[in-house]
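Engineer: Can you read through this structure? Questions will come right after.
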Amino acid sequence: MRLPSFISRPLLIAAPWLCILGLWLAIRASGLVSPALVPSPAAVVEKFIELSKDRLWLDIWMSARRVFIGVTFGILVAVPVGFCLGWYRGLRAFIDPVINFFRALPPIALIPLVIVYFGIGESAKTAILFYASFFAGVIVMYEGIAQISPIFVRVARTLGANDVEIFTKIIVPLTVPHILTAIRVALGVAWATLVASELIAAQQGLGALIQNASSFFQLDVIYVGIICIGLIAMLMDLALRAASRRLVAWQDRIA
């Protein structure tokens, strides 16, 4: 018997989370790992409620603000740079080794230099997140732009379109999906880099919460911080997916 979609879909979404929860409880109950090293889900929920009454919402706000600023500036620079690299093959061949060199450097390795050049304030944390977002976004952009078939431009020129019309009516619409993908990738990388950026003398933020908790072996607090980072990143990604479906619905109609 097949379940109705309004029942089967929520069950499908909940299933992996229930599996993770079951695995978590099984590991704790198995005795293979000391219970002191694996806080129970109930203890984590209790700590979440406790922190919610104290500092957690401020930490979430500070981290989300830093990620938003870093990704915004990173994408604003990555989109035109990625477009130029994707559209002009000669420029791409010239600069590609440099992009790949810096992309391979982990942001945490740059923290000493960032402190020297930017100090220990908010600008240093933003610089780390900008760095991570820019190189993630620029790679997605130029790989996507490079795959746009030049036949669209040739057909438009054959039909009498000028350069402005080609850019606004062909290139820009074809670029929008890649911009949205670049934002999604940059957001994921930025959240993954958040803890590293908040190593720089941060007093508030989820990364700072995790770092401070690790100093006192507060595993339940660490779990709360990790879960909050994952949930916020997931919600942002879901919002971007919804926006993508609306903005590029024309692709489905063409298909």
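Engineer: Please report, in debye to the nearest 20, how large the charge dipole of segment 152-255 is about its Cα centre when each Lys and Arg carries +1 at its beta carbon and each Asp and Glu carries -1 there.
Structural biologist: Numbers: 8 positive and 6 negative charges, 114 e Å.
Dipole of segment 152-255, to the nearest 20 debye: 540 debye.
Engineer: Of ALA132, ILE49, GLY86, whose Cα points farthest to the positive end of the dipole of the chain (charges on the beta-carbon: +1 Lys, Arg; -1 Asp, Glu; origin at the Cα centre)?
Structural biologist: Checking the options against the dipole of the chain, the answer is GLY86.
Engineer: Right, another one. For the chain, give the magnitude of the charge dipole about the Cα centre (Cβ charges: +1 Lys/Arg, -1 Asp/Glu; no others), in debye to the nearest 20.
Structural biologist: Charge dipole of the chain: 720 debye, to the nearest 20.
Engineer: Within segment 1-108, which trypsin sites (Lys or Arg not before Pro) sit in a loop by DSSP and count at most 10 neighbouring Cβ atoms inside 10 Å? Display every interim value, and only then the final one.
Structural biologist: On the way: sites: ARG2, ARG28, LYS47, LYS53, ARG55, ARG65, ARG66, ARG89, ARG92, ARG103; in loops: ARG2, LYS53, ARG55.
Within segment 1-108, the qualifying trypsin sites (Lys or Arg not before Pro) (loop, at most 10 other Cβ atoms within 10 Å) are ARG2, LYS53.
Engineer: Here's a follow-up. Give the residue from PHE216, GLY188, THR158 lying farthest towards the positive end of the charge dipole for the chain; charges sit on Cβ (+1 for Lys and Arg, -1 for Asp and Glu) and the dipole is referred to the Cα centre.
Structural biologist: THR158
Engineer: Another question, then. Per the helix-only calculation at 222 nm, which mean residue ellipticity applies to the chain, given -39500 (n - 2.57) for every DSSP H run of n ≥ 4 and division by its residues, nearest 500 deg cm²/dmol?
Structural biologist: -26500 deg cm²/dmol
Engineer: PHE118: accessible area at probe 1.4 Å, nearest 10 Å²?
Structural biologist: Its heavy atoms expose roughly 110 Å² to the probe.
Engineer: For the residue pair ILE226 and ILE151, what label-to-label distance in nm results when each label sits 7 Å from Cα along the Cα-to-beta-carbon direction?
Structural biologist: 4.9 nm
Engineer: Then there is this: Enumerate the calculated ³J(HN,Hα) couplings along segment 31-47 in order (Karplus 6.51 cos²θ - 1.76 cosθ + 1.60, θ = phi - 60°), each rounded to whole Hz, writing x wherever the residue is Gly or Pro.
Structural biologist: Whole-Hz 3J(HN,Hα) from phi for segment 31-47: x, 5, 10, 4, x, 5, 8, 10, x, 6, x, 5, 5, 5, 4, 4, 5.
Engineer: Here's a follow-up. With θ taken as phi - 60° and the coefficients 6.51, -1.76 and 1.60, list the Karplus ³J(HN,Hα) couplings across segment 107-120 in order, rounded to whole Hz; mark glycine and proline as x.
Structural biologist: x, 5, 6, 8, 4, x, 5, 4, 4, 5, 8, 10, x, 10
Engineer: Still on this structure: Size of the dipole of segment 108-174 about the Cα centre, Lys and Arg at +1 and Asp and Glu at -1 on the beta carbon, nothing else charged, in debye to 20?
Structural biologist: Using only the charged Cβ atoms, the result is roughly 120 debye.
Engineer: Now, a different point. Ignoring ligands, DNA and RNA, please state the percent of accessible area on the chain from carbon and sulfur, probe 1.4 Å.
Structural biologist: Taking all protein chains in place, the chain shows 70 percent carbon and sulfur surface.
Engineer: Could you do me a favour and compute the accessible area per residue for segment 41-247, 1.4 Å probe, result in Å²?
Structural biologist: 54 Å²
Engineer: Right, next: Connecting C-alpha atoms closer than 10 Å in a GNM of the chain, tell me which of LEU105, LEU206, LEU85 has the biggest fluctuation.
Structural biologist: LEU105
Engineer: Computed from these coordinates, which is Cα extents along the principal axes in Å: (i) 71, 65, 33; (ii) 62, 39, 33; (iii) 83, 38, 37?
Structural biologist: (i)
The values are calculated or read from the model by the stated rules, or taken from the named source; none is laboratory data. The shown structure was predicted, so the numbers you read here are calculated from the model rather than taken from an experiment. Backbone-built Cβ (ideal geometry, glycine too); neighbour counts: all protein chains shown. Accessible surface is based on the protein model in full, side chains and every heavy atom, while ligands, DNA and RNA are left aside. Shrake-Rupley method; radii C 1.70, N 1.55, O 1.52, S 1.80 Å.
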